[in-house]
Amino acid sequence: MTIRAIDESQAGAAKVVGLAYLLALVPAVFAEFFVSSRLMVSGNAAQTALNIMAHERLFRLGIASNLTVFAIDVVLITALYMVLKPVNRSLALLAAFLGLIETATLVVVTLHDLDVLAVLSGADYLRVFEADRLQALAQLSIRAHHDAYNVGLVFSGLRGIVFCYLWLKSGFIPTALAALGVCSSVLLFTCTFAFITYPELSKVVTVGYYGGPIFVFELTMGFWLVLKRLRTSRETAIGSPDHC
C-alpha cells in the first residue's frame, strides 16, 4: 500500500474544515429553526406577512445569518479542496465547483428575501395595490425562495457525495464517518431532486428526514477534525482487521 503522507498545509486545512463545519451550524440553525419556524405560516399569506412586519429585525437577522453561513461555506469548500486534492485532484476540483454553484445559488435566493420586505414596506408607490395582493406577492417570493433553495441543496448533495467519496478513499478519517457522509449526501441529493419533479413529496418527507443525517455528519466531522489529526494510509492499514 502506498503511504499517503500528510503535509502541514493539509493538516492546517483540515482544522479549518472542522471549524467551518462547527461555526456554520450556529447561524444555520438560528435562521432555519428560530426565524423561519417562528415567522412562516404555511398556507397563510396574511399571517406570514403580519409576522414578518411585526418582527422585521428578526427576519433581517435570518437573512444575515444565512449570508454568514454561505461566507463560511466558501472557506469550507476551499479548505476541503486543499485537504483532498492529493487524493484525486480532478474530483476535488469538481466537488469545489459544485459547492461554489450551490453557494452562489443560495446567496441569490437569500437576497431575494429583501424583496419580501420591499413588498411589505408600505411605501407610497405600493398603495395602488390592495393589502391582500401585496401579501400574496410576498408569499409568492417566499415560495420561490423555498423552491430555489432546494435547487441549491441538490448541488450541496452532489458536492457532499464527491467530497465524502474522497474522504472514504483517502483513509484520513474513520471509514464509518466517511460512509455516513456519502449516505447522508446521497439522501440529501435524492430528496431535494425529487421535490423538483414531485413537490407534493415535501409534505411527506420532512427536512428532519433528509437534513438530519447530514447535520449529524457535519457536526461529528467538525469535532473530529478539530480534536483529532488526519490519519495516514499506514495508520489506516494497521487499524484494519487484516492487521490486527
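The values are calculated or read from the model by the stated rules, or taken from the named source; none is laboratory data. Note that the coordinates shown come from a computational prediction; the quantities given were computed from them, not determined experimentally. Cβ atoms come from the backbone with ideal geometry, glycine included; neighbour counts cover every protein chain shown. Keep in mind that these areas ignore ligands, DNA and RNA; they rest on the heavy atoms of the full protein, side chains included. Shrake-Rupley method; radii C 1.70, N 1.55, O 1.52, S 1.80 Å.
Could you sort 203-214, 7-18, 152-163 so that the peptide with the highest average Cβ count within 10 Å comes first and the rest follow in order?
Result, highest mean Cβ count within 10 Å first: 152-163, 7-18, 203-214.
With Rg/Rh (Cα atoms, Kirkwood Rh) as the read-out, I listed [x] 1.06; [y] 0.98; [z] 1.09; which label goes with the value calculated from this structure?
Entry [x].
Taking square-rooted eigenvalues a ≥ b ≥ c of the alpha carbon gyration tensor, is the range 127-206 rounded, prolate or oblate, where a/c under 1.5 means rounded and, failing that, a/b exceeding b/c means prolate?
Cα axes put the range 127-206 in the prolate bin.
Taking Cα pairs under 8 Å and at least six residues apart, what relative contact order does the range 1-145 come out at, in percent?
Relative contact order for the range 1-145 comes out at 28 percent.
Quick one: dipole size for the chain, taken about the Cα centre, charges +1 on Lys/Arg Cβ and -1 on Asp/Glu Cβ, in debye to the nearest 20.
660 debye
Express the relative contact order of the range 124-203 as a whole percentage, based on alpha carbon pairs under 8 Å and six or more residues apart in sequence.
Worked out over the range 124-203, it gives 33 percent.
For the chain, what does the accessible surface come to per residue with a 1.4 Å probe? Please give it in Å².
Roughly 53 Å² per residue, with all protein chains present.
Could you work out how far helix 207-227 tilts from the main Cα principal axis of the chain, as a 0 to 90 degree angle to the nearest 10?
50 degrees
With axes computed from alpha carbons, what is the tilt in degrees of helix 45-54 against the longest principal axis of the chain, rounded to the nearest 10 within 0 to 90?
80 degrees
Which percent of the accessible heavy-atom area of the chain goes to carbon and sulfur, probe 1.4 angstrom?
Of all accessible area on the chain, carbon and sulfur atoms account for 67 percent.
Could you give the angle, 0 to 90 degrees to the nearest 10, between helix 56-84's Cα long axis and the longest principal axis of the Cα atoms of the chain?
Tilt of helix 56-84: around 20 degrees.
Suppose a student asked you for the relative contact order of the chain, using Cα pairs under 8 Å spaced at least 6 residues apart; what percent would you report?
Rounded, it is 27 percent for the chain.
How big is the charge dipole of the range 1-92 about its Cα centre, in debye rounded to the nearest 20, if each Lys and Arg gets +1 on its Cβ and each Asp and Glu gets -1 on its Cβ?
The calculated dipole for the range 1-92 is roughly 60 debye.
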